[in-house]
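Just below is one structure, and these are the notes that go with it.
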2 protein chains.
Amino acid sequence: MNALADEAARQLEAAARAARAAAADLARAPRPAKDLALREAARAICDAGPAILAANEADLAAAPDLSAAFKDRLTLTPARIEAMARGLKEVAELPDPVGRTLSEWTRPNGLVIRRIAQPIGVIGMVFESRPNVAADAAALCLKSGNAVILRGGRESLRSVAAIHAAMASGLRAAGLPEAAVQVAQTADRGFVGAMLRAAGLIDLIIPRGGKGLVTRVMEEARVPVLAHAEGLCHTYIHGAADPAMARSILLNAKLRRTGVCGATETLLIDAAIAPGLLPVLVADLREKGCEFRADDRARAICPDLPAAAEGDFATEWLDSVLSVAVVDGVASALAHIRRYGSEHTEAIVTEDAEAAAEFLNGLASAVGIWNASTQFCDGGEFGFGAEIGIATGRLHARGPVGLEQLCTYRYHMIGSGQVRP
Amino acid sequence: MNALADEAARQLEAAARAARAAAADLARAPRPAKDLALREAARAICDAGPAILAANEADLAAAPDLSAAFKDRLTLTPARIEAMARGLKEVAELPDPVGRTLSEWTRPNGLVIRRIAQPIGVIGMVFESRPNVAADAAALCLKSGNAVILRGGRESLRSVAAIHAAMASGLRAAGLPEAAVQVAQTADRGFVGAMLRAAGLIDLIIPRGGKGLVTRVMEEARVPVLAHAEGLCHTYIHGAADPAMARSILLNAKLRRTGVCGATETLLIDAAIAPGLLPVLVADLREKGCEFRADDRARAICPDLPAAAEGDFATEWLDSVLSVAVVDGVASALAHIRRYGSEHTEAIVTEDAEAAAEFLNGLASAVGIWNASTQFCDGGEFGFGAEIGIATGRLHARGPVGLEQLCTYRYHMIGSGQVRP
């Protein structure tokens, strides 16, 4: 390990130890203190608007060769700063997830057992150069009683540091430990590496960003990770679908926003209904500028569709492109999804309740939808108020990760002198 | 990597791929089929009793230089075989954890969202040379709809293979995929290494055994692990404890069984009550053969107690030895536990409800107990029917891991044509 990486690892360890100590206090903080910290941080972000914008301009000036999309994600504006502050105030309004009694029962020997929600501890947040993620993530961690270490993309360090200063001032104003929100002070990539290896110091890593970032985090992390590497979502139009509903759902699932992880990337359509319906669906989407990659059976119905190449069904387009395959009923659709899917979100459109049940029960995906758009896979749409991400792993939490999913649990057992026979 | 390890990795990959395919079927298996498989496996274990005993004798004969304790864990007897079969039948009686609706709500737009319990997938079970763990673990995985790959200590391979044959015949009899229960066919340690690296093939590793095994698994695994490396449990006798209750609880917590992870290893006692009570507690335990390692303040009260050495308070004795420290109230007890504990189980004995609440809320441990023995940290005592282990990590499950904890969840969203605005 070189000297720079050594130094980054030392910085991470110091940050994580301070975060862990703060986490113990934050875990017991009453709701009013946490909400006050969030509202004061919101105010501090507004007050510090000019300073945050100046930091952001310095970040932009230091990295002149960015793509337009990258630059857009990195750029802060007065409106975006206001939106961050509003986000903090919204999180303050959400119920406190900590201390909820999740279940309670009494044993025959009189012992009362309670399962109680508690914060996870220290969360490591690794994200791309999108500074507003720092405020969102810090707010959700704070409200759920978790300390957080923020590491944004190195192009955004000045912006993130300015936002962090506002979060710290909110914590101070509420008498909560400032160390509960930490930020990487170095652009060295070794800091991220140290975070991913920090088992025992960091309890959970949440990466936010593109597939490249998330995959790297998943592969390198020795700490548990909650994330999705991709959202290769399917909409399956079953033979008993209502055609008008199928048109409206597919249009929304594919094109409402093409860059979100819940956007449909592949249309599966039953052979029984495809000859009449597929040309209509294609026309709807094409009118909105959508392109297609179709299998041979779909091209037999719509010969003008471009042929899908090897790998197209495994591609998360995140764009106005739709893969299309004709299938033969629920089992055939499930087989396609099992082969190419990412266990994120899949929808079936059908009027046949039995087919819907067979489809939903046959999925391993985090979210299965009957007769609605895949774009509903979102913490806000689930009623969580806010989300820190979407998880497609098998452990702890799946689907949108909100305040409740940022908690773990513990047991309290209340006795009256019981001993075990 | 040498050729042997390569071969072990290939074997693991083949086993894991077969297990994953079987897991998809097992996840949808109805309860009667799973219960039938368990009862038929129980019968097969009884029928194959002589073959299992012969395999076990061959294991014992092949490893003549074992310690008495090791040999005892490895040895099967007709009574132990019967107990294994009984265990399988008991798991068949437990409720099916799969498919439970964990929560359900309706959104303002009419979407109904259900959170539903589902199996995790493929579980890797790494255990020491205790063959009965194979039957217990396979039964719990099967009932919870998970496929399992069993890797027992290499001294027990023949015994585990014989037990596995009985499990396979139960699966066959119930029309369930035999591949749902896999067993390592090799004594090569590379097989365990391959299991621990099998991210994407194995969803969860559960190690069962001593601290050495569990720590190695935790350090090496790239797959999520559910386990506890040690149970350094504390019983804290608060100043307002009922002395008779304190005596009875401590005796049970320390000595009922000293080798279990829920056994108390350290007594913390308030300075206010120690002068009168500590000598009585020491006499109770000493009468039963318990030894002590005491701090200076305890030795000032009971001068004949041996002095605790550096590291004694961080030692899980798993024996008739008790570390003793005098503390000054709840905060002082919590500070000691935070410094030396393993976040497993801690108890407070007190008649003061406020002190109890302060103690329980201040713990990060998986289980906090008020006025009962730490030895209640057990799946059976929690009412789970059976447990595959105890977890002290922060994610997914904490405390006893039973059938419900062997499940994850997914969402079903039921619409009537909703699209996202």
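Would you check if there is a residue in the range A:180-199 being within 14 Å of chain B (Cβ to nearest Cβ) and open to solvent by 20 Å² or more (accessible area, probe 1.4 Å)?
Scanning the range A:180-199, I find at least one residue that is within 14 Å of chain B (Cβ to nearest Cβ) and open to solvent by 20 Å² or more (accessible area, probe 1.4 Å), so the answer is yes.
Take B:Pro32 and tell me if it is surrounded by fewer than 13 Cβ atoms within 10 Å (Cβ to Cβ) and either charged (D, E, K, R) or more than 14 Å from chain A (Cβ to nearest Cβ) (or both).
Against the criterion (surrounded by fewer than 13 Cβ atoms within 10 Å (Cβ to Cβ) and either charged (D, E, K, R) or more than 14 Å from chain A (Cβ to nearest Cβ) (or both)), B:Pro32 qualifies.
What number of residues within the range B:373-388 are open to solvent by 10 Å² or more (accessible area, probe 1.4 Å) and of a type outside the set (A, V, I, L, M, F, W, C)?
So the count comes out to 6.
Pairs needed: first member in the range A:214-227, facing another protein chain (nearest Cβ under 9 Å); second member anywhere, among the polar types (S, T, N, Q) and open to solvent by less than 70 Å² (accessible area, probe 1.4 Å); C-beta distance under 9 Å; at least 6 residues apart or different chains.
That search, which allows pairs on different chains as well, returns A:Leu226/A:Gln405.
Would you confirm whether any residue within the range A:281-298 is more than 14 Å from chain B (Cβ to nearest Cβ), in contact (Cβ under 8 Å) with a residue 40 or more places away in the chain and closer than 22 Å to A:Cys377 by Cβ?
Yes: the range A:281-298 contains one or more residues that are more than 14 Å from chain B (Cβ to nearest Cβ), in contact (Cβ under 8 Å) with a residue 40 or more places away in the chain and closer than 22 Å to A:Cys377 by Cβ.
Of the residues B:Leu278, B:Leu285, which single one is farther than 28 Å from B:Ala229 by Cα, in the same structural domain as B:Cys377 (by TED's automatic domain parsing) and open to solvent by less than 50 Å² (accessible area, probe 1.4 Å)?
B:Leu278
What are the residues in the range B:84-115 that are open to solvent by 10 Å² or more (accessible area, probe 1.4 Å), closer than 22 Å to B:Phe384 by Cα and in contact with a Ser or Thr (Cβ under 6 Å, 6 or more places away or on another chain), if any?
Hit for the range B:84-115 is B:Arg115, nothing else.
Among the residues that make up the range B:312-322, is at least one of them surrounded by 22 or more Cβ atoms within 10 Å (Cβ to Cβ) and either among the aliphatic types (A, V, I, L, M) or within 13 Å of chain A (Cβ to nearest Cβ) (or both)?
yes
Is it the case that the range A:208-220 has a residue that's part of a strand (DSSP E or B), in the same structural domain as A:Gly190 (by TED's automatic domain parsing) and crowded, with 19+ Cβ neighbours inside 10 Å?
Yes, the conditions are met somewhere in the range A:208-220.
Per-residue answers, yes or no, for (1) within 22 Å of A:Val401 (Cα to Cα); (2) polar (S, T, N, Q); (3) in the same structural domain as B:Gly110 (by TED's automatic domain parsing):
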{"site": "B:Leu363", "(1), (2), (3)": "no, no, no"}
{"site": "B:Ala372", "(1), (2), (3)": "no, no, no"}
{"site": "B:Arg394", "(1), (2), (3)": "yes, no, no"}
{"site": "B:Thr408", "(1), (2), (3)": "yes, yes, yes"}
{"site": "B:Gly417", "(1), (2), (3)": "no, no, no"}
{"site": "B:Pro421", "(1), (2), (3)": "yes, no, no"}
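Scan the range A:347-389 for residues that are touching a Gly at 6+ places or on another chain (Cβ under 7 Å) and more than 11 Å from every other protein chain (Cβ to nearest Cβ) and jot them down.
Residues satisfying the conditions are A:Gly379, A:Gly385, A:Ala386, A:Glu387.
Is it the case, given these coordinates, that B:Ala23 is surrounded by 16 or more Cβ atoms within 10 Å (Cβ to Cβ), within 24 Å of the chain's Cα centre (by Cα) and assigned to a helix (DSSP H, G or I)?
yes
Is it the case, given these coordinates, that B:Asp47 is within 14 Å of chain A (Cβ to nearest Cβ), open to solvent by 10 Å² or more (accessible area, probe 1.4 Å) and over 28 Å from B:Gly190 (Cβ atoms)?
no
Among the candidates A:Arg339, A:Arg410, single out the residue that is basic (Lys, Arg), more than 14 Å from the chain's Cα centre (by Cα) and more than 10 Å from chain B (Cβ to nearest Cβ).
Only one candidate qualifies: A:Arg339.
State yes or no: is B:Gly329 open to solvent by 10 Å² or more (accessible area, probe 1.4 Å) and under 17 Å from the mean Cα position of the chain (by Cα)?
Judged against the criteria, B:Gly329 is not a match.
Just to check your reading of the model, which residue among B:Ala244, B:Ala272 is surrounded by fewer than 19 Cβ atoms within 10 Å (Cβ to Cβ) and either part of a helix (DSSP H, G or I) or touching a strand residue (DSSP E or B) at 6+ places or on another chain (Cβ under 8 Å) (or both)?
Only one candidate passes the filter, namely B:Ala244.
For the range A:42-150, which fully contained strands (runs of 3 or more DSSP E) count at least 1 residues that are in contact with a His (Cβ under 8 Å, 6 or more places away or on another chain) and modelled with pLDDT of 95 or more?
Fully inside the range A:42-150 and qualifying: A:112-119.
Please go through (1) modelled with pLDDT of 95 or more; (2) more than 30 Å from B:Ala298 (Cα to Cα) for B:Glu219 and return the number of the only condition it doesn't satisfy.
With (1) modelled with pLDDT of 95 or more; (2) more than 30 Å from B:Ala298 (Cα to Cα) applied to B:Glu219, the lone miss is (1).
Looking only at the range A:275-308, which residues are assigned to a loop (DSSP other than H, G, I, E, B) and within 30 Å of the chain's Cα centre (by Cα)?
A:Lys288, A:Gly289, A:Cys290, A:Ala308
Can you pull out every residue in the range A:340-362 that is in contact with a helix residue (DSSP H, G or I) (Cβ under 8 Å, 6 or more places away or on another chain) and modelled with pLDDT of 95 or more?
Of everything in the range A:340-362, those that are in contact with a helix residue (DSSP H, G or I) (Cβ under 8 Å, 6 or more places away or on another chain) and modelled with pLDDT of 95 or more turn out to be A:Tyr340, A:Thr345, A:Glu346, A:Ala347, A:Ile348, A:Val349, A:Thr350, A:Ala355, A:Glu358, A:Phe359.
Which pairs have Cβ atoms under 6 Å, sit 6 or more apart or on different chains, and link a residue in the range B:96-111 that is more than 9 Å from chain A (Cβ to nearest Cβ) to one that is loosely packed, with under 12 Cβ neighbours inside 10 Å and not small (Gly, Ala, Ser)?
Qualifying pairs under 6 Å: none.
Can you spot a residue in the range B:102-121 that is under 23 Å from B:Ala161 (Cα atoms), assigned by TED's automatic domain parsing to the domain that holds B:Ala23 and under 20 Å from the mean Cα position of the chain (by Cα)?
Scanning the range B:102-121 turns up at least one residue that is under 23 Å from B:Ala161 (Cα atoms), assigned by TED's automatic domain parsing to the domain that holds B:Ala23 and under 20 Å from the mean Cα position of the chain (by Cα).
For A:Glu265, are the conditions met, namely being outside any loop (DSSP other than H, G, I, E, B) and either more than 14 Å from chain B (Cβ to nearest Cβ) or touching a helix residue (DSSP H, G or I) at 6+ places or on another chain (Cβ under 6 Å) (or both)?
yes
Residues being part of a loop (DSSP other than H, G, I, E, B) and in contact with a Leu (Cβ under 9 Å, 6 or more places away or on another chain): count how many of those fall in the range A:151-184.
Of the residues in that region, 6 qualify.
Pull out all pairs, ordered by first then second residue, where Cβ-Cβ is under 6 Å, the residues are six or more apart or on different chains, the first lies in the range A:403-421 and is under 30 Å from A:Asp203 (Cα atoms), and the second is hydroxyl-bearing (Ser, Thr, Tyr).
From residues that are under 30 Å from A:Asp203 (Cα atoms), the pairs are A:Leu403/A:Ser144; A:Leu406/A:Ser144; A:Cys407/A:Ser144.
Considering only residues that are among the aliphatic types (A, V, I, L, M) and open to solvent by 10 Å² or more (accessible area, probe 1.4 Å), which ones fall in the range A:141-179?
Listed by number, the residues that qualify are A:Leu157, A:Ala161, A:Ala162, A:Ala165, A:Ala173, A:Ala174, A:Leu176, A:Ala179.
The values are calculated or read from the model by the stated rules, or taken from the named source; none is laboratory data. From a predicted model like this one, the values you see are computed outputs, not experimental measurements. Glycine gets a Cβ as well: all are built from the backbone with ideal geometry, and neighbour counts include every protein chain shown. Each accessible area value is taken on the protein alone, full model and side chains, heavy atoms only, with ligands, DNA and RNA left out. Shrake-Rupley method; radii C 1.70, N 1.55, O 1.52, S 1.80 Å.
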